[in-house]
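Working notes for the structure below.
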Amino acid sequence: MKPVFVVTGPSGAGKGTLIRGLLERLPQLEAAISATTRPMRAGEEDGREYWFLDDDEFSARADDGEFLEWVEYVSHKRYGTLRSEIDRIGGHGRVCVLELELDGALHVQREVPGACTIFISADVDELERRLRERATESTGEIEDRITLARYQLEQAHLFRYMVRNDDVTRAGEVLAAIVERELVLAGTMACR
């Protein structure tokens, strides 16, 4: 059975950046596309950024057990990982990478035998700087995310690995080394 890699951590930790670098370095990996009920933004495409579902379809799929994990945010928008994404990626002969929030990552860790969970960490001051630099949230939303980040950082010990992203090049190398090691252990990558 191919492993499933789960990458989590607080907002602003650099999960997306590190995963993009990992996918470039290890072409046998593929990131799962999450499903969401939020509206599609300009330039987005169904099945590329997200699988865009309306509320009724999301609810029906959740009721039918089609989600590996899902979460509803305060804005009443839901996000989740369809089990079919893991099957789709495995069907292409690739290994699945999930970028999840903390609760979803813990759920997958419990539900998927052999899931390799990796927590991406950064200092709170650095997280705040990155969030403000992104300028995608209001000041109040940033403060909420920082409060949540403090809690999430306290949960890092629950995951198999932790990568400190204080230098993106170094953190990318550490993440790749972890994934390569786990692929070798799972027998899905030839030893170098």
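Restricting the first residue to segment 83-107 and requiring it to be surrounded by fewer than 18 Cβ atoms within 10 Å (Cβ to Cβ), which pairs with a second residue that is at pLDDT below 95 and of a type outside the set (Lys, Arg) meet a Cβ separation below 8 Å and a spacing of at least six or different chains?
Here the result reads Asp103/Val71, each pair linking segment 83-107 to a residue that is at pLDDT below 95 and of a type outside the set (Lys, Arg).
For segment 2-46, name all the residues that are among the hydrophobic types (A, V, I, L, M, F, W, C), surrounded by fewer than 20 Cβ atoms within 10 Å (Cβ to Cβ) and over 25 Å from Val174 (Cβ atoms).
Ile33, Met40, Ala42
Could you list, in sequence order, the residues of segment 51-81 that are touching a residue at least 24 places away in the same chain (Cβ under 8 Å) and assigned to a strand (DSSP E or B)?
Correct list: Trp51, Phe67, Leu68, Glu69, Trp70, Val71, Arg78, Tyr79, Gly80, Thr81.
Which condition from (1) at pLDDT 95 or above; (2) within 26 Å of Glu154 (Cβ to Cβ) is the one that Ser84 breaks?
(2)
Please find, within segment 123-171, the residue that is surrounded by the most Cβ atoms within 10 Å (Cβ to Cβ) out of those that are of a type in the set (Gly, Ala, Ser) and either over 28 Å from Ala186 (Cβ atoms) or over 19 Å from the mean Cα position of the chain (by Cα) (or both).
That would be Ala149.
The values are calculated or read from the model by the stated rules, or taken from the named source; none is laboratory data. Being a predicted model, the structure only gives us computed values, none of them experimental. Using ideal geometry, Cβ is built from the backbone for each residue, glycine included, and neighbour counts are taken over all protein chains shown.
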